[in-house]
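K.L.:
Take a look at the following structure, please.
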Amino acid sequence: MSSDELAWALAEAARSEALVSQDIASMTPYSPGRPWRAVAAELGVPADELLMLHANENPLGPSPKAKAAAARHLEEAHVYPDGGGTLLREKLAERHQVPVESICLGNGSNELIEMLVRTFVGHGETVVTAWPSFVVYRLAAQAAGREVLFAPLRNERYDLATMASLVDRRTKLVFIANPNNPTGTYVTKRQLAAFLDRIPRSVIVVLDEAYFEYAVADDYPNGLVDFRGHPRLVVLRTFSKIYGLAGLRIGYGVMDPTMVHYLDCVRQPYNVNSVAQAAAVAALDDEDHLRTSVQTVRDGLAELEKGLGALGLQVVPSQANFLLVRLEREAAPIVSQLRAKGILVRDMRGYDLPTTIRLTVGTRAMNLRVLSAIEQALEDSL
Ligand SMILES: Cc1ncc(COP(=O)(O)O)c(C=O)c1O
C-alpha cells in the first residue's frame, strides 16, 4: 500500500469511527527512524562511520560481561524466559535494598510507562506531566484514551509548582522525568519533597530516572533512597542508557508491592526476554564499564560545552548523557547538513523546540567530529 493509500484508508476509518476510538485516530505513531545500516547505505557512509547522536545511547556499547552472558543465553532461546525475572529482580532488590516484590521488569521502561497508565488510570481520570518532556508519557495516555495535562517547562526546567496546581480530583498519575529528556535539566530533592507534600496521597507519582547514573549534582535526588517508602511513588530505571542495552529492551520499576501485583495482572506473562534478563544481570556486575561510561559522558559534556561555546552557541546545562544546543535559528537545515555528513542528531521540531538540536555525548573522537561538522554547517548556512 502506498503512503497516499494508507492516509486515505486511515481517514476513512477514522471518519466511520468503526475501526478505532477518536483518541487513537488522533494519534501519529512514534517515529523510530530508519534502521541505521539503511541510513548509512543511503548516505553512502560506511556503517561504522555513521555517528549516531540522536537516541542517547551509550557510545561505548554494552559491557563485555553483558555481551558474553547474552551470547550464552542464546543457546536457550527455545525455552520461554523466566516470567518472574527472578535472578534480575533479586539482584536489583539487593542492590537497592528493597523487597523483591517491589520490583517489576518491563520491555524497556517504555513498557512500564504504558502499563502504569493502562493499569492505574481509569475512565475519567487524568495524567499530569510537563512539556517538552518524554513524548511516550503522552502517547501512552492517548493510546489508553486518557486525558493528559501539561505544565510548560520554565527556563527549560520542570515547574513543579505549576504541575501541582494542575493536580485535581481527577488526577491519577503524574510523570516526572528526572533528569528531563530533552533538556537534561533536573528537579532538586527539596523541590520534589515539596511537590510530594503538596499533592494528595491518592496520586501516583512516576519518577522516571532513565538517566540517573549520569547525574552528579549534589542536590539531585535518588528516588529510591530519598523518598523510600512513599506509598505512591514509582521509580523507573532502564538498562538502555548507561548499561548500553537499548536493543534488548529492558527496564524496571520500583514501587509498593501492591502496585507490582496489579501490574503483574496486566503485563504479558513473558514480557522480558531471557537474553535481556541475563545481559542485565551481568551488566550490574560490571562496575568498571559503568565508571568508564559515566566518565566518558562527564568529560564529553565539558568538551562539547567548551567547543560549542567557542562557536558562539549556548547549551542547556545537562545532568544526562545529552545536550540541548540552542542554535538561535531554524535547526532543520543544520540537522540535514550533519546527516549528509553521516552524523545523526535529534531534530527537536516534534518537541516544539525548532531552534535547538539534541546531541548525545560521545567519545572524544565522536565529539570532535560533531563539533567540526557543526562549525562547518554554521559557516555554510551564513
Ligand atoms: C526520560 C526517558 N524515559 C524512558 C526512556 C525509555 O527507555 P527504554 O529504552 O527503557 O524504554 C527514555 C528513552 O529515551 C527516556 O528518555
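The values are calculated or read from the model by the stated rules, or taken from the named source; none is laboratory data. All values reported here derive from a predicted model rather than from experimental measurement. Backbone-built Cβ (ideal geometry, glycine too); neighbour counts: all protein chains shown.
K.L.:
For Val187, only one of the following conditions fails: (1) surrounded by 19 or more Cβ atoms within 10 Å (Cβ to Cβ); (2) touching a strand residue (DSSP E or B) at 6+ places or on another chain (Cβ under 7 Å); (3) not in a loop (DSSP other than H, G, I, E, B). What is its number?
P.N.:
Every listed condition holds for Val187 apart from (3).
K.L.:
Also: From the list Asn155, Asn181, which residue is away from the ligand (no atom under 16 Å from the Cβ) and more than 15 Å from Val205 (Cβ to Cβ)?
P.N.:
One residue alone meets the criteria, Asn155.
K.L.:
While we're on this one: Tell me, please, whether a residue that is touching a His at 6+ places or on another chain (Cβ under 7 Å), crowded, with 24+ Cβ neighbours inside 10 Å and touching a residue at least 60 places away in the same chain (Cβ under 8 Å) can be found in region 274-282.
P.N.:
yes
K.L.:
Considering only residues of region 305-326 that are free of Cβ contacts under 8 Å to residues at least 24 places away in the same chain and buried (at least 16 other Cβ atoms within 10 Å of the Cβ), which is nearest to the chain's Cα centre (by Cα)?
P.N.:
Per the stated criteria, the residue is Val315.
K.L.:
Looking at Ile250, is it farther than 29 Å from Asp168 by Cβ and either in contact (Cβ under 8 Å) with a residue 12 or more places away in the chain or among the polar types (S, T, N, Q) (or both)?
P.N.:
Yes.
K.L.:
Looking for whichever is within 29 Å of Asp159 (Cβ to Cβ) and part of a helix (DSSP H, G or I) here; the options are Ala130, Ala140. Which one fits?
P.N.:
Only one candidate passes the filter, namely Ala140.
K.L.:
Another question, if that's okay. If I ask for residues that are part of a loop (DSSP other than H, G, I, E, B) and of a type outside the set (Lys, Arg), which ones from region 197-216 would you list?
P.N.:
Result: Ile199, Pro200, Ser202, Val203, Glu209, Ala210, Tyr211, Ala215, Val216.
K.L.:
Pairs needed: first member in region 330-345, acidic (Asp, Glu); second member anywhere, at pLDDT 95 or above; C-beta distance under 6 Å; at least 6 residues apart or different chains.
P.N.:
none
K.L.:
For a quick check of your reading: which helices (runs of 4 or more DSSP H) sit entirely within region 8-124 and have at least 2 residues that are of a type in the set (Lys, Arg) and surrounded by 11 or more Cβ atoms within 10 Å (Cβ to Cβ)?
P.N.:
Fully inside region 8-124 and qualifying: 64-74, 86-96.
K.L.:
Are any residues in region 353-382 under 16 Å from Leu323 (Cα atoms) and either charged (D, E, K, R) or not assigned by TED's automatic domain parsing to the domain that holds Met52 (or both), and if so, which ones?
P.N.:
Arg358, Arg364, Arg369
K.L.:
Continuing with this model, one more query. Going by the conditions given, is Leu53 on the phi < 0 side of the Ramachandran plot, within 16 Å of the ligand (Cβ to nearest atom) and assigned by TED's automatic domain parsing to the domain that holds Ala40?
P.N.:
For Leu53, the condition - on the phi < 0 side of the Ramachandran plot, within 16 Å of the ligand (Cβ to nearest atom) and assigned by TED's automatic domain parsing to the domain that holds Ala40 - is met.
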